[in-house]
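Worksheet: the structure to be examined is printed underneath.
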Amino acid sequence: MSQRARRTASTAVAAVAVALLVTACSGGDDPSDPGTPAAASSASEAPDAVATTVSFGAVEGKLPRSRRDELAAEVQEVVDEWIDGAYLGDYPRSDFSAAWAGFTPGARTKAERDAGLMSNSDVGAQLDAVEPERRSVTLDVLSVRQRPVGVTAHVVLRFTTTGSGDQDVRVAGRLYLTPGKQGWQVFGYDMTKGAV
């Protein structure tokens, strides 16, 4: 097989792998159901003193335990950056531009159009404070040759707002991530946001 054919086949395998991850990863359709952890949970302190818990759901292919720990930390960093920039932090405010730094250009453009869903931009200027109550992430992973090639992060965030219209808010759904030169990035999402 020529080098060009190998490269084309390799690219096709990667594309199929990501497509399979998006459509086939399991862990329950309910983002609040983390499924059965495939690795020990990890957590890091968030700026608002509520830890993000990270666990594993479905892992397709082999992924060594040491690589799972690294992957959890790498993906958590991207997810936490979005959560902190999009929903938490200082209020009142109207600038949420830093929220999507870990998104690919296409996903960032879409998130900016969905800013009321993918951040608190719709209400940020009227809020006095946002207090996190829960931050959890369950990872479904597609691994090829013991290397993760795609991740679906099932995210659940709960927070309360004070100011104009106090609310208890739940953000939940999936972030789809792929590795690149800049590390893991969100290339798509399927999220919900609403008062509970």
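The values are calculated or read from the model by the stated rules, or taken from the named source; none is laboratory data. Remember, predicted model here, so these are calculated numbers, not experimental data. Note that we place each Cβ from the backbone using ideal geometry, even for glycine, and neighbour counts take in every protein chain shown.
Can you find a residue in the range 65-81 that is at pLDDT below 95, farther than 16 Å from Val171 by Cα and surrounded by fewer than 21 Cβ atoms within 10 Å (Cβ to Cβ)? It would help to see each step written out before you state the result.
Taking the range 65-81 as the starting set, the residues that turn out to be at pLDDT below 95 are 65-66.
So of that shortlist, the ones also farther than 16 Å from Val171 by Cα come out as 65-66.
Filter again for surrounded by fewer than 21 Cβ atoms within 10 Å (Cβ to Cβ), leaving 65-66.
Yes, the range 65-81 has at least one match.
Of everything in the range 169-196 that is of a type in the set (D, E, K, R) and either touching a Lys or Arg at 6+ places or on another chain (Cβ under 6 Å) or free of Cβ contacts under 8 Å to residues at least 24 places away in the same chain (or both), the residue that is nearest to Glu70 (Cα to Cα) is Lys181. Residues that are more than 14 Å from Gly188 (Cα to Cα), in contact with a helix residue (DSSP H, G or I) (Cβ under 6 Å, 6 or more places away or on another chain) and not charged (D, E, K, R) within the range 97-125 comprise Ala98, Ala99, Ser119, Ser121, listed in sequence order.
It is to be established whether one or more residues within the range 54-63 are closer than 30 Å to Arg113 by Cβ, modelled with pLDDT of 95 or more and assigned to a helix (DSSP H, G or I). Looking through the range 54-63, none of the residues is closer than 30 Å to Arg113 by Cβ, modelled with pLDDT of 95 or more and assigned to a helix (DSSP H, G or I).
Annotation: of all residues in the range 82-140 being basic (Lys, Arg) and within 24 Å of Gln182 (Cβ to Cβ), the one that is surrounded by the most Cβ atoms within 10 Å (Cβ to Cβ) is Arg135. Look through the range 141-168, keep the residues that are surrounded by fewer than 15 Cβ atoms within 10 Å (Cβ to Cβ) and of a type in the set (D, E, K, R), and return whichever of them is farthest from Arg65 (Cα to Cα). Among residues in the range 141-168 that are surrounded by fewer than 15 Cβ atoms within 10 Å (Cβ to Cβ) and of a type in the set (D, E, K, R), the one farthest from Arg65 (Cα to Cα) is Asp166.
So which residues in the range 163-184 are assigned to a strand (DSSP E or B) and at pLDDT below 95, if there are any at all? It would help to see each step written out before you state the result.
The first filter runs over the range 163-184 and keeps only residues assigned to a strand (DSSP E or B), leaving 163, 167-180, 183-184.
Of everything in the range 163-184, those that are assigned to a strand (DSSP E or B) and at pLDDT below 95 turn out to be Gly163, Gln167, Gly180.
Criterion applied to Ser143, Ser121 was being hydroxyl-bearing (Ser, Thr, Tyr), within 27 Å of Gly106 (Cβ to Cβ) and assigned to a loop (DSSP other than H, G, I, E, B), and the one residue passing it is Ser121.
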